[in-house]
Amino acid sequence: MGIKAIAKVKKDIATVKLLVKHPMASGKIGGGKGDPKYINHLTVKHGGRVVYDMYPTSAVSKNPYIKFAFKGAKKGDTITVEWKDNTGATQKKDIKLK
Amino acid sequence: MKRRKFIGLGFATMAVTALQTVGSANILKDHPKAFMDTKPEDAIKDIYGTTSVMKDDKASLKLPDIAENGGAVPVTVSTSLENAKTMTLIIDGNPHPLAVAWDLQEGTIPKFSTRIKMRKTGNVRLIVEDANGKLHEAIKQVKVTVGGCGG
């Protein structure tokens, strides 16, 4: 499971586009098969400060696409994307702003 | 216990308390029931304690009129309000209507895009909680040709 990102800074605003590999399965309750497995918390940090705090559910499409922008960024800065799913699985990735 | 050591302990306790306060808000942990509710009004009530919303132009919801694939409907949510606290996306026709919640951060532009699953034709709502805790709503009907909740 990976995280693809495009993160660009223009003036001092960073625009971040993420593509997170995850099944986002709703399980039987949503009309599917098997057990639910979906990301229920995703955060992005910049210099230790949270810049994006999202609580998805299985109503977010498979392999979630996420776009947002925040102020106070410089080219070369690092942001950290971290998610947790309902089964307790986690993933963390550092991304350099271009 | 010596006086100096005692004061030191006091400061240590204060520091720990301060750390816990910063960033301790967790919408999922604070309002778990809202995510399991099966009626849109219940989800709004369980997360905000009220269903009283203002239908004004402060909350904005961008969605297609017709979604050919209910499994991936592009959506953009935003608010013109300064210092809004949270945003919640509700899909009326889904088994669990609360689809996404965001805790808004200072310095982040409150305009987010993602893709959502819609089981059937129905209303999608965006609730924005402003700095005073008042709720603002945007609502839009989306026609779904092929539902997308399986899987």
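Derivation of every value follows stated rules applied to the coordinates shown; laboratory data play no part. As the structure is a prediction and not an experimental result, all values here were calculated from the model. No Cβ is skipped: glycine too gets one built from the backbone with ideal geometry, and neighbour counts run over all protein chains shown.
Once the Cα atoms of the protein assembly as shown are picked out, what are the Rg and Dmax in Å?
When restricted to the Cα atoms of the protein assembly as shown, Rg and Dmax are 19.3, 74 Å.
On the principal axes of its Cα set, how long, how wide and how thick is the range B:58-151? Give whole Å, largest value first.
39, 23, 20
Please report the equivalent ellipsoid semi-axes of chain A, computed as sqrt(5 x eigenvalue) of the Cα gyration tensor, largest first, in whole Å.
Values for chain A, descending: 28, 12, 10 Å.
Net charge around B:Ala131, counting only other residues with Cβ within less than 10 Å of its Cβ (Lys, Arg = +1; Asp, Glu = -1)?
Net of charged neighbours comes to -1.
Pick from A:Lys28, A:Lys75, A:Lys37: which is most flexible by mean-square fluctuation in a GNM of chain A where alpha carbon atoms under 10 Å apart are linked?
Answer for the Gaussian network model of chain A: A:Lys28.
Around B:Gly71, under 14 Å between beta carbons, what's the net of Lys plus Arg minus Asp minus Glu among the other residues?
Net of charged neighbours comes to +4.
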